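K.L.:
First the structure, which I've put down as structure tokens, then a few questions once you've had a look.
We did not get these values from a lab; they are worked out from the coordinates using the rules stated. Note that the structure is predicted; figures quoted are calculated from it, not measured. With ideal geometry, Cβ positions are generated from the backbone for all residues, glycine too; neighbour counts draw on all protein chains shown.
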Amino acid sequence: MTTAPTSGLRRPRVNVSFIRRNVLFLGLIALIVIFQTMNGSFLSVGNIRGILLDLSILIIVSVPAALLLIAGFVDFSVGSVIGISGVTAGLMLNNAHVPTGVAVATALGVALLVGVVNGLLVNMLGFSPIIVTFGTLALVGGIALGIGAIPTVGYPESFQNIGGAQVLGVPVPVIIAAIVFVVGVLIVWKLPVGRHIYAIGSNREAAYLSALRVRTVPFVLYLLTALAAGLGGIITAARLNTASSSTGTGFELTLLTAILLGGVSFFGGSGTLFGVIVGVLFLGVLQNGLVILGAPSAVQQSATGVVLVFAAALNFLAERSR
């Protein structure tokens, strides 16, 4: 008894590896389809512009923070840096009545000082990055609360334009976020320091024996992360036309969720900025969709928590596979 040839009847194979590598991107597409189906205005130009504007601060800070985590370090102080930079700029404008440029420079200087403290304690003295940055989170948050107990309101138009102006219909914060992302990608792809970041995160001792600057590179990344958070605080204050010490409360958890969700290992050495952007967009689409559907605040907060656990699970599975 003969059997018919089966070469033309083979079942199509599911590319499991492709699905595993792109599960977050596929999930993002599924979210968009679901929300658009439930609310036809989800993909409107106005809503997309709103999503990108809301995510601009997260993108700006996530680029250097992701590179820092790839190098094997973490910064939990970014929320307080956002708060104190906005408060500083507001006080300089309303109380000291200085020009916008001076207020912005002072706020960025305060943020940079926090980065210097983090970098020195972690990289030069060898303290735990988690303990140090949680400590500066509390310290800087307390200082911000002390100097900005009463929120400042009402700033010059030149300052408000930082957060509210548009260029060809694109909000300025979105343009700044795009520039920061492109610069981050160029650093990783085109400069030797990009390879050094991954090498330090993969094996710090081997990187040291290879004469890489295992202290300088993370130190600079701490400075850049603090500066990005300071810029985020300035943009937030300019956009809202008010500054409060509580502005960045909880931002560090949202930031970590986006970075882990994007595939960056919490232990360093792996991850891409493109993956981080997908993680940021996933969070933004989820939160925006829930708001449009009228979900209670408790549901929105719980959803973010579920996503954080999901991100941790993905991180764990990725580490096991490696």
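K.L.:
Rank-order 75-83, 254-262 by packing density, defined as the average count of other C-beta atoms within 10 Å over each peptide's residues, highest first.
P.N.:
Listed from highest to lowest mean packing, they are 75-83, 254-262.
K.L.:
To the nearest 20 debye, what is the magnitude of the charge dipole of the chain about its Cα centre, counting +1 on the Cβ of each Lys and Arg and -1 on the Cβ of each Asp and Glu?
P.N.:
1100 debye
K.L.:
Arranged by the count of other C-beta atoms within 10 angstrom, fewest first, what order do TYR208, TYR222, TYR198, TYR155 take? Don't skip to the answer; put the middle values down first.
P.N.:
Numbers: TYR208 14, TYR222 30, TYR198 18, TYR155 23.
Taking fewest neighbouring Cβ atoms as first place, the list is TYR208, TYR198, TYR155, TYR222.
K.L.:
If r is the Cβ-Cβ distance from LEU125 to ILE48 and R0 is 35 Å, what FRET efficiency results, to the nearest 0.05?
P.N.:
For R0 = 35 Å, the calculated efficiency reads 0.15.
K.L.:
Go ahead and run the numbers for FRET between SER210 and ILE32, Cβ-Cβ distance against an R0 of 35 Å, rounding to 0.05. Walk me through the intermediate numbers first.
P.N.:
On the way: r = 43 Å, r/R0 = 1.24.
Once rounded, the FRET efficiency stands at 0.20.
K.L.:
Go ahead and run the numbers for FRET between LEU113 and ASN241, Cβ-Cβ distance against an R0 of 35 Å, rounding to 0.05. List each step's numbers first, then the result.
P.N.:
Working: r = 26 Å, r/R0 = 0.74.
So, using R0 = 35 Å, E works out to roughly 0.85.
K.L.:
Dipole of the chain (Lys/Arg Cβ +1, Asp/Glu Cβ -1, origin at the Cα centre): which of GLY248, ALA30, SER77 lies farthest to the positive side?
P.N.:
Going by the charge dipole, the pick is ALA30.
K.L.:
Still on this structure, please answer the following. For semi-axes √(5λ) of the Cα gyration tensor in Å, several values are listed as (1) 37, 27, 17; (2) 30, 23, 19; (3) 32, 23, 20; flag the one computed from this structure.
P.N.:
Given (1) 37, 27, 17; (2) 30, 23, 19; (3) 32, 23, 20, the calculated one carries the label (1).
K.L.:
With runs of 4+ DSSP H residues as the only contributors, calculate the mean residue ellipticity of the chain at 222 nm using -39,500 (n - 2.57) per run, divided by the residue total and rounded to the nearest 500.
P.N.:
-23500 deg cm²/dmol
K.L.:
How would you order 116-123, 212-219 from highest to lowest mean count of nearby Cβ atoms within 10 Å?
P.N.:
116-123, 212-219
K.L.:
While we're on this one: Hey, what do the phi angles of the range 41-53 turn into as Karplus ³J(HN,Hα) couplings, whole Hz, using 6.51/-1.76/1.60 and θ = phi - 60°, x for Gly and Pro?
P.N.:
Along the range 41-53, the couplings run 9, 4, 8, 5, 4, x, 6, 4, 4, x, 4, 5, 5 Hz.
K.L.:
Taking the Cα centre of the chain as the origin and placing charges on Cβ (Lys, Arg +1; Asp, Glu -1), which of ALA226, VAL285, LEU273 is farthest toward the positive end of the dipole?
P.N.:
The listed residue farthest towards the positive side: LEU273.
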